[in-house]
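Asker: Pasting a structure here, questions to come.
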Amino acid sequence: MKEEKVLFTGIIQEIGRIKQLENYNSGLRLYVDLGKLISENLQIGESISLNGSCHTLEKLDNRIGQFFSSSETLSKTNFGLIRTGDFVNLELSLTPSTRMGGHFVSGHIDSVAKLLSYKQIGESYEVFFEIPDYLSKYVVNKGSVCLNGISLTVAKIENQSNVFSVAIIPHTWNETNLKYLKIGDLVNFEVDILSKYTEKLLQTNIGNN
């Protein structure tokens, strides 16, 4: 079957929970309690974002969805460290009628980001992450990033260009798995895909001159 390109918006619809994990053919099969997401008339074969990583729904038994993470996915994401009982952010793929509340998210993870620290400011939080140096060029002040599937705006870039912070409003904190993270935890990180397209166009134009 031909794989279709899908997009997400980075607006989390539900927090799921890992009920069971099985090693399978150098990959990992995940059984996830999808919670209220099952009310969306899910279809086998459709794409669902798990912590920002695009996964295909293989089976559905009551509220439990079955997914498979390949060895490539495990090497690029935090699914290599995931455990039974962990919480995952869930989002259905973008449709023509979907409100565009975040930014275009491909569901293809670039790397992981490390949670360095956070501090509460009033009812909100400022959260600091560290990413690999080679991805820092894609992170700009007030630009978009995707962390564990959440569309967020860069609040500040530290002197170390691979360290940045995001401001988390109370709704996002309460309705995602950010509130369960601990210092040192790794989250899935995707840069704004528009920055990649821009980079490619600039490289092509320079090469043609």
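Rule-based calculations on the coordinates, nothing more; no lab input. What you see is a predicted model, and the numbers here were worked out from it, not measured in a lab. Every residue, glycine among them, receives a Cβ derived from its backbone with ideal geometry; neighbour counts consider all protein chains shown.
Asker: Tell me, what is the Rg over Rh of the range 1-92, with Rh the Kirkwood radius over Cα pairs?
Answerer: Numbers: Rg = 12.2 Å, Rh = 13.2 Å.
Taking Rg over the Kirkwood Rh, I get 0.92.
Asker: Another question, then. Which order results if E14, E123, E46 are arranged by neighbouring Cβ count within 10 Å, fewest first? Working shown, then result.
Answerer: Working: E14 20, E123 9, E46 15.
Ranked by crowding around the Cβ, least crowded first: E123, E46, E14.
Asker: Semi-axes of the equivalent ellipsoid of the range 111-200: what are they in whole Å, largest first, if each equals the square root of 5 times a C-alpha gyration tensor eigenvalue?
Answerer: Working: eigenvalues 89, 36, 31 Å².
The equivalent ellipsoid of the range 111-200 has semi-axes of 21, 13, 12 Å.
Asker: Okay, moving on. In whole Å, what is the distance between the alpha-carbon centres of the range 150-209 and the range 11-55?
Answerer: Each part reduced to its Cα centre gives a spacing of 23 Å.
Asker: Where nothing but the Cβ of Lys and Arg (+1) and of Asp and Glu (-1) is charged, how large is the charge dipole of the chain around its Cα centre, in debye to the nearest 20? Mind dumping the intermediate values first?
Answerer: On the way: 20 positive and 23 negative charges, 24 e Å.
About 120 debye.
Asker: Which listed residue (S111, V127, V6) has the Cα farthest towards the positive end of the charge dipole for the chain, taking +1 on Lys and Arg C-beta and -1 on Asp and Glu C-beta about the Cα centre?
Answerer: V127
Asker: Rank these for me by crowding, V145, V163, V127, going from fewest to most other beta carbons within 10 Å. Show your work: numbers first, answer last.
Answerer: On the way: V145 27, V163 19, V127 22.
With the sparsest Cβ surroundings first, the list reads V163, V127, V145.
Asker: Could you work out how far helix 193-208 tilts from the main Cα principal axis of the chain, as a 0 to 90 degree angle to the nearest 10?
Answerer: With both axes taken from Cα atoms, the answer is about 50 degrees.
Asker: Ok, one more. Pick from Q66, Q160, Q13: which is most flexible by mean-square fluctuation in a GNM of the chain where alpha carbon atoms under 10 Å apart are linked?
Answerer: Evaluated over the chain, the most mobile residue of the options is Q160.
Asker: For Y134 and N41, FRET efficiency with R0 = 30 Å and r from the beta-carbon atoms, rounded to 0.05?
Answerer: Working: r = 41 Å, r/R0 = 1.36.
Here the calculated transfer efficiency is 0.15.
Asker: Another one. Applying 1/(1 + (r/R0)^6) with R0 = 25 Å to the Cβ-Cβ distance of I121 and N159, what FRET efficiency is obtained, to the nearest 0.05? Walk me through the numbers before you get to the answer.
Answerer: Values: r = 21 Å, r/R0 = 0.83.
It comes out at approximately 0.75.
Asker: Separation between the T56 and N25 pseudo-spin-labels, each 7 Å from Cα along Cα→Cβ, expressed in nm?
Answerer: Placing both labels 7 Å along Cα→Cβ, they lie 1.0 nm apart.
Asker: While we're looking at this one, here's another question. Size of the dipole of the range 14-92 about the Cα centre, Lys and Arg at +1 and Asp and Glu at -1 on the beta carbon, nothing else charged, in debye to 20? Before the final figure, lay out the partial values.
Answerer: Working: 8 positive and 10 negative charges, 42 e Å.
Taking the Cα centre of the range 14-92 as origin, the dipole is about 200 debye.
Asker: Could you tell me the extents of the chain's C-alpha atoms along the three principal axes, largest first, rounded to whole Å?
Answerer: 51, 49, 37
Asker: Take S71, project a point 7 Å from its Cα along the Cβ direction, then tell me which residues of the range 111-152 have their backbone nitrogen under 14 Å from it.
Answerer: none
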